[in-house]
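A.B. asks: Mind looking over this structure? Questions follow.
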Amino acid sequence: MSIIQNPEDFQPSEESRKKWLSTRKNPQPIGIINFPGYYKTDGYSSDKYWFLLAFGVEIVALIVTIIGGFSKSTGFGIVAVIIVILFVLFDFLGARLVHKFVGDIQKIKNQILIENDPTKIEGHYLNIKKYKTDFSKYLGVFLIILSSLLKVFSIYILISRFPLSLVYIMVISYLLVIYIHIKHTGYWYAEFILRRSFRKEYEKYAVGKVAGNTDSNNIASFRKMPFTTNIKLNFEDVICSGPHKITFQNSNSVSHGSSVFMYSPNNNGEAKVESFDKQEGQFYNYMIEAIGILTDEDIGGFTHGQNTGQSSVIALASLNFQIQNP
């Protein structure tokens, strides 16, 4: 189910759409293409439940810390409040830093699929490595671990006659919290912010539509892009998915301005983007026409009834459309 309301009329702004790259995406096989994912989100419910579990543990720790501090003295209580503020700050900053370059990496993974220059492809992989090993990620992990250590230590100090068995339970709980903040919190927050941004823009769009002053950035725009392939797709004139369609134009020649997507059935098959000077044989020219945002779900709709090669070409051409029309 799309998170874009009324997609035939409304489209989120480009600024909001960029946030979509930072949400969780599981690779999806389409034909022989292992599609990284562009405009979709996977596992939001799971990330939300994991986050709520961590949030529950955090709330217990905060309450116990503050009560324990004020039960000793006002001074201890003030210290406990300061520690609680540090808990929240370290966890929030840590989760954001760990997740900082997820969107950049996701965009590059998609760009690699439609690139035909080996030098540029190598550069893309180097950029992915750079983002994955950036110092900010390690700093984020450090802050999350430091926050958990502070929680365990402060509760142990502030509460008298602290059972050792409870210490073990706390350590196990905060190891789980560390895992959640590193693996799930950033993805939950990214989707939460994305949905809030889409919802606010749609509410503003709906009000503006009634008043007659709708922001043009939120009106679903019509966009089209030609592409050429060496295999005929499994439809005569047009195939539709939601408000979008792919139409057959002509055959036997490469249309000016088209991107050329070649499928080779040899061995395990290969689908890739080629340049014009390498083309020989018969070609088929098509046009992707989209109203609003072409999502990954829409691309899946285009591939229904297509074989492996046809689905692979559609996936590459549609991905190229998404990247060229962000």
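The values are calculated or read from the model by the stated rules, or taken from the named source; none is laboratory data. It should be emphasised that the depicted structure is a prediction, and the values quoted were computed from it without experimental measurement. Here Cβ is always computed from backbone atoms with ideal geometry, including for glycine, and neighbour counts include all displayed protein chains.
A.B. asks: On the given criteria, is Tyr189 closer than 18 Å to Ser2 by Cβ and buried (at least 18 other Cβ atoms within 10 Å of the Cβ)?
C.D. replies: In short, no.
A.B. asks: Exactly one condition in (1) buried (at least 18 other Cβ atoms within 10 Å of the Cβ); (2) modelled with pLDDT under 85 is false for Tyr38; which is it?
C.D. replies: Unmet condition: (2).
A.B. asks: If you don't mind, there's one more thing I want to ask. Any chance the stretch 184-197 includes a residue that's outside any strand (DSSP E or B), at pLDDT below 90 and of a type outside the set (Gly, Ala, Ser)?
C.D. replies: Looking for residues that are outside any strand (DSSP E or B), at pLDDT below 90 and of a type outside the set (Gly, Ala, Ser), one finds none in the stretch 184-197, hence no.
A.B. asks: Moving to a separate point now. Can you find a residue in the stretch 217-224 that is in a helix (DSSP H, G or I), surrounded by fewer than 16 Cβ atoms within 10 Å (Cβ to Cβ) and either without any contact (Cβ under 8 Å) to a residue 60 or more places away in the chain or within 19 Å of the chain's Cα centre (by Cα) (or both)?
C.D. replies: Among the residues of the stretch 217-224, not one is in a helix (DSSP H, G or I), surrounded by fewer than 16 Cβ atoms within 10 Å (Cβ to Cβ) and either without any contact (Cβ under 8 Å) to a residue 60 or more places away in the chain or within 19 Å of the chain's Cα centre (by Cα) (or both), which makes the answer no.
The rows are residues; the columns are (1) without any contact (Cβ under 8 Å) to a residue 12 or more places away in the chain; (2) out of contact with any helix residue (DSSP H, G or I) (no Cβ under 7 Å at 6 or more places or on another chain); (3) among the small types (Gly, Ala, Ser).
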| position | (1), (2), (3) |
| --- | --- |
| Val60 | yes, yes, no |
| Gly68 | no, no, yes |
| Lys72 | no, no, no |
| Leu93 | no, no, no |
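A.B. asks: Evaluate the following for Ile172: is it loosely packed, with under 13 Cβ neighbours inside 10 Å and in a helix (DSSP H, G or I)?
C.D. replies: Yes.
A.B. asks: Do the conditions hold for Ile112, that is, is it part of a helix (DSSP H, G or I), touching a residue at least 12 places away in the same chain (Cβ under 8 Å) and assigned by TED's automatic domain parsing to the domain that holds Ser45?
C.D. replies: yes
A.B. asks: Could I ask something else about it? Residues in the stretch 130-160 that are over 25 Å from the mean Cα position of the chain (by Cα), in a helix (DSSP H, G or I) and of a type in the set (Ser, Thr, Tyr): how many?
C.D. replies: Number of matching residues: 4.
A.B. asks: Right, here's the next one. Would you confirm, using the coordinates I've provided, whether Pro27 is in contact with a strand residue (DSSP E or B) (Cβ under 8 Å, 6 or more places away or on another chain) and at pLDDT below 95?
C.D. replies: Against the criterion (in contact with a strand residue (DSSP E or B) (Cβ under 8 Å, 6 or more places away or on another chain) and at pLDDT below 95), Pro27 qualifies.
A.B. asks: Can you name the residue in the stretch 1-32 that is under 30 Å from Asn307 (Cα atoms) and touching a Pro at 6+ places or on another chain (Cβ under 7 Å) and, of all such residues, is surrounded by the most Cβ atoms within 10 Å (Cβ to Cβ)?
C.D. replies: Lys25
A.B. asks: Please find, among Val102, Val98, Val84, the residue that is farther than 25 Å from Arg195 by Cα, in contact with a Ser or Thr (Cβ under 9 Å, 6 or more places away or on another chain) and not assigned by TED's automatic domain parsing to the domain that holds Met262.
C.D. replies: Selected residue: Val84, the only one of Val102, Val98, Val84 that is farther than 25 Å from Arg195 by Cα, in contact with a Ser or Thr (Cβ under 9 Å, 6 or more places away or on another chain) and not assigned by TED's automatic domain parsing to the domain that holds Met262.
Residues are listed down the side, and each one gets a yes or a no for (1) at pLDDT 85 or above; (2) crowded, with 19+ Cβ neighbours inside 10 Å; (3) within 28 Å of Gln322 (Cβ to Cβ):
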residue: Ser71; (1), (2), (3): no, no, no
residue: Thr74; (1), (2), (3): no, no, no
residue: Ile83; (1), (2), (3): no, yes, no
residue: Phe90; (1), (2), (3): yes, yes, no
residue: Leu93; (1), (2), (3): yes, no, no
residue: Arg96; (1), (2), (3): yes, no, yes
residue: Gln106; (1), (2), (3): yes, yes, yes
residue: Phe153; (1), (2), (3): no, no, no
residue: Leu166; (1), (2), (3): no, no, no
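A.B. asks: I'd like the full set of residues that are within 19 Å of Arg196 (Cβ to Cβ), part of a loop (DSSP other than H, G, I, E, B) and touching a helix residue (DSSP H, G or I) at 6+ places or on another chain (Cβ under 6 Å), limited to the stretch 12-46.
C.D. replies: If the condition is that a residue be within 19 Å of Arg196 (Cβ to Cβ), part of a loop (DSSP other than H, G, I, E, B) and touching a helix residue (DSSP H, G or I) at 6+ places or on another chain (Cβ under 6 Å), then Pro12, Ser13, Thr23, Arg24, Tyr39, Lys40, Thr41 are the ones that fit.
A.B. asks: Ok, one more. Name the one entry in Ala80, Ala95, Ala61, Ala54 that is touching a His at 6+ places or on another chain (Cβ under 6 Å), part of a helix (DSSP H, G or I) and either within 18 Å of Val141 (Cβ to Cβ) or of a type outside the set (D, E, K, R) (or both).
C.D. replies: Ala95
A.B. asks: Given Glu203, Glu236, which one is more than 26 Å from Asn26 (Cβ to Cβ), at pLDDT 75 or above and in the same structural domain as Gly103 (by TED's automatic domain parsing)?
C.D. replies: When all the criteria are applied, what remains is Glu203.
A.B. asks: Among (1) surrounded by fewer than 19 Cβ atoms within 10 Å (Cβ to Cβ); (2) among the charged types (D, E, K, R); (3) within 30 Å of Asn320 (Cα to Cα), there is one condition Lys204 misses while meeting the rest; what is its number?
C.D. replies: (3)
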